[in-house]
Amino acid sequence: MEREGISYSHPAEFILVGTMNPEEGELRPQLIDRFGLCVQIEGETDPEMRVEIIKRRESFDQDPLGFLEEWGEEEERVRQEIISARDLLAEVTMAPELEELVIQICTQALVAGHRADLVMTACARTLAAFYGRREVSESDVHEAAEYVLPHRMREAPPPPQEPEPPEPEEPDEPEEQEEEQEQEEQEQEQEQEQQQPPEHARG
């Protein structure tokens with residue numbers, strides 16, 4: 001830490017969480033790929049849940065310490081689950097066929113590079129540990145894909161356009177057909193006259 005001429009350093013463990021509003025603009029693909037996991041935040045649409053949100057907010061405003069005490073046990077339970085998952089993570093294994101499933105999902109999503117494969121594998125192992133299992137399941141892989149792929153998926157390039165078939169020739173108009181027919185008849189008469197011998201040769 002550097003502040004007002006004072007320098008101080010100490011060990012720290014932290015996780016960086018970034019937030020953004022897509023309506024304010026998109027990030028470049030090479031930056032988006034640096035974010036390991038992405039979670040879409042949306043407003044609650046269930047009427048009962050919306051009412052529950054109001055009640056909890058009012059309860060906190062009326063008695064913040066009481067609210068924290070009420071939900072302290074639930075938070076401690078989740079904290080212990082995370083600690084147990086950290087201890088179990090080193091023992092979690094992943095079958096080769098599930099690694100192939102990760103590659104297949106990432107390939108179908110047209111992701112760039114290999115970071116998505118690595119992050120999805122790590123996320124699937126973490127989910128298995130969080131659920132108290134020592135082996136990754138197929139459901140863990142699909143759940144991990146929901147966090148790894150939304151900001152990495154790319155649209156497929158448009159298929160190559162097939163050459164347009166030649167337009168059919170329009171039929172000649174009747175007048176043009178008559179003129180061509182008369183011209184052909186004249187040419188035939190001229191050929192016949194050239195083939196006939198002269199009159200003095202006939203006598």
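Quick look at the numbers
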| item | result |
| --- | --- |
| Inter-label distance for ARG77 and GLU146, nm, one decimal - labels placed 7 Å from Cα along Cα-to-Cβ | 2.0 |
| FRET efficiency estimate (nearest 0.05) - Cβ-Cβ, GLU48 to GLU70, R0 22 angstrom | 0.65 |
| Likely footprinting exposure, MET49, MET94, MET153, MET120, fewest C-beta neighbours within 10 Å first | MET49, MET153, MET94, MET120 |
| Gained length - SER59 relative to GLU24, 0.36 nm times residue gap less alpha-carbon distance | 9.2 nm |
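Here, each number is a calculation from the coordinates, and none is a lab measurement. Nothing here was measured: the structure is a model prediction, and the numbers come from that model. All Cβ positions, even for glycine, are placed from backbone atoms using ideal geometry, and neighbour counts span all protein chains on display.
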